[in-house]
Amino acid sequence: MSAGPTSFSFPALGTTATVAVSDPEALARARAVLERELEAIELACSRFRPDSELVRLNAASGAEVEVSGLLLEAVRVALLAAEASGGLVDPTVGNTMRSSGYDRPLTVVRARDGRLFRPSFEPAAGWRTIRVDEPRRTVRAPRGVELDLGATAKALAADRAARAAADATGAGVLVSLGGDVAVAGEPPPGGWSIRLADDHAAPPDAPGPAVSVLSGGLASSGTTVRRWATAAGELHHVVDPRTGRPADSPWRTVTVAAATCVDANTASTAALVLGDDAPAWLDERRLPSRLVRLDGSVACVGSWPAEAA
């Protein structure tokens, strides 16, 4: 992925974080804003940090838990994403993520002998079982239900960081977190050029089309990168909440442009779960999208620019 005239990348949240600015003098300040936002979102929403708020919430055994404003926002955003997607993107998949083997950072999961781990799967409890009291700033999940905010929290961090960095610097800013892209402020002439690939870590000169983004968000969801071995075969991280199993999708990557990165990521994840019905679902919502089939062929939806064969 290439983006903007001046940028800096570093590892964060188990992926690669990139901040780009239209004014080179704004880079250091924009980077500092992004780093603060990432530390805050990880402390609030990580499933893997023992000191995170989410770990404490998941361990509450059905009790009501007072949370920070950031975790409250992250849970609210996850529930709105579930509602907007008709439950295709559901934060109550934490149990099945853990029991399928994704119970530690992916580097740790991949390092162990997956052949010794037998996964199990269970349908999501359902996002409507989560109770949020905004005035009292509390969240309650039923006993035995674990939240996983991975489908939305990273995109939320991208949206928040891009806005905050643009406000702090007065420059145009792009933030990319593992393929979840948010832009804010005045873009560079011609917009932000973003190269698409199945793997967000691909080098800027890797094969793949480039698109120009002027505002809002762009997100790619896929089934080819976050994978791990188990005794039942290789699994991936995009879960169908209806079954609790990895989505059996004809698409290996879906990229969506939307008003925010959260909206784009919600739609791209839902499209993978929907499978063959995804193009019509995306078109109905007027979301420009690019879907890559398992054989590498491409389908474009809405105003997404057509590609040469």
inquiry  = Take the conditions among the basic types (Lys, Arg), open to solvent by 20 Å² or more (accessible area, probe 1.4 Å) and assigned to a loop (DSSP other than H, G, I, E, B) and apply them to Arg115. Does it pass?
reply    = no
task = Starting from residues that are in contact with a helix residue (DSSP H, G or I) (Cβ under 6 Å, 6 or more places away or on another chain) and of a type outside the set (Gly, Ala, Ser), keep the ones in the range 283-308 and report whichever is nearest to Gly86 (Cα to Cα).
result = Leu287
request  = Search the range 126-151 for residues that are within 23 Å of Tyr102 (Cα to Cα) and outside any loop (DSSP other than H, G, I, E, B) and pair each with any residue that is of a type in the set (Asp, Glu) and open to solvent by less than 80 Å² (accessible area, probe 1.4 Å) when their beta-carbon atoms are under 7 Å apart and the residues are at least 6 apart or on different chains.
outcome  = Trp127/Asp90
Set Ala231, Ala258: member being closer than 20 Å to Val77 by Cα and of a type in the set (A, V, I, L, M) = Ala258
ask   = Does Pro209 qualify as being out of contact with any helix residue (DSSP H, G or I) (no Cβ under 9 Å at 6 or more places or on another chain) and closer than 28 Å to Leu294 by Cβ?
value = yes
query = Looking at Val211, is it assigned to a strand (DSSP E or B), open to solvent by 10 Å² or more (accessible area, probe 1.4 Å), touching a residue at least 12 places away in the same chain (Cβ under 8 Å) and in contact with a Pro (Cβ under 9 Å, 6 or more places away or on another chain)?
reply = yes
inquiry  = Of the conditions (1) in a loop (DSSP other than H, G, I, E, B); (2) within 17 Å of Val89 (Cα to Cα); (3) without any contact (Cβ under 8 Å) to a residue 12 or more places away in the chain, Trp281 satisfies every one except a single condition; which number is it?
reply    = (1)
query = Would a scan of the range 177-189 turn up a residue that is loosely packed, with under 15 Cβ neighbours inside 10 Å, outside any helix (DSSP H, G or I) and touching a Lys or Arg at 6+ places or on another chain (Cβ under 9 Å)?
reply = no
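For (1) open to solvent by 20 Å² or more (accessible area, probe 1.4 Å); (2) over 17 Å from the mean Cα position of the chain (by Cα); (3) closer than 23 Å to Arg285 by Cα, each residue gets a yes or a no:
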{"position": "Ala82", "(1), (2), (3)": "no, no, yes"}
{"position": "Gly87", "(1), (2), (3)": "no, no, yes"}
{"position": "Gly94", "(1), (2), (3)": "no, no, no"}
{"position": "Gly101", "(1), (2), (3)": "no, yes, no"}
{"position": "Arg110", "(1), (2), (3)": "yes, yes, no"}
{"position": "Trp127", "(1), (2), (3)": "yes, yes, yes"}
{"position": "Arg137", "(1), (2), (3)": "yes, yes, no"}
task = Kindly check whether there is at least one residue in the range 40-55 that is of a type in the set (Phe, Trp, Tyr), touching a helix residue (DSSP H, G or I) at 6+ places or on another chain (Cβ under 6 Å) and over 21 Å from Ala267 (Cβ atoms).
result = no
inquiry  = With the structure loaded, tell me whether Asp113 is at pLDDT below 95 and farther than 18 Å from Val239 by Cβ or whether it fails that test.
reply    = yes
ask   = Using beta carbons and a limit of 7 Å, which pairs, at least six apart or on different chains, have the first residue in the range 86-99 and within 19 Å of Ala229 (Cα to Cα) and free of Cβ contacts under 8 Å to residues at least 60 places away in the same chain and the second one hydroxyl-bearing (Ser, Thr, Tyr) and open to solvent by 10 Å² or more (accessible area, probe 1.4 Å)?
value = Ser99/Ser120
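Results for (1) touching a Leu at 6+ places or on another chain (Cβ under 8 Å); (2) outside any helix (DSSP H, G or I); (3) within 18 Å of Thr152 (Cα to Cα), shown as yes or no for each residue.
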residue: Phe10; (1), (2), (3): no, yes, no
residue: Ala26; (1), (2), (3): no, no, no
residue: Arg31; (1), (2), (3): no, no, no
residue: Leu57; (1), (2), (3): yes, no, yes
residue: Gly62; (1), (2), (3): no, yes, no
residue: Leu70; (1), (2), (3): no, no, yes
residue: Glu83; (1), (2), (3): no, no, yes
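The values are calculated or read from the model by the stated rules, or taken from the named source; none is laboratory data. Remember, it's a predicted structure, so these values are computed and weren't measured experimentally. Reconstructed Cβ throughout: ideal geometry from the backbone, glycine too, with neighbour counts over all protein chains shown. Please note that ligands, DNA and RNA were not included when accessible areas were found on the heavy atoms of the full protein model with its side chains. Shrake-Rupley method; radii C 1.70, N 1.55, O 1.52, S 1.80 Å.
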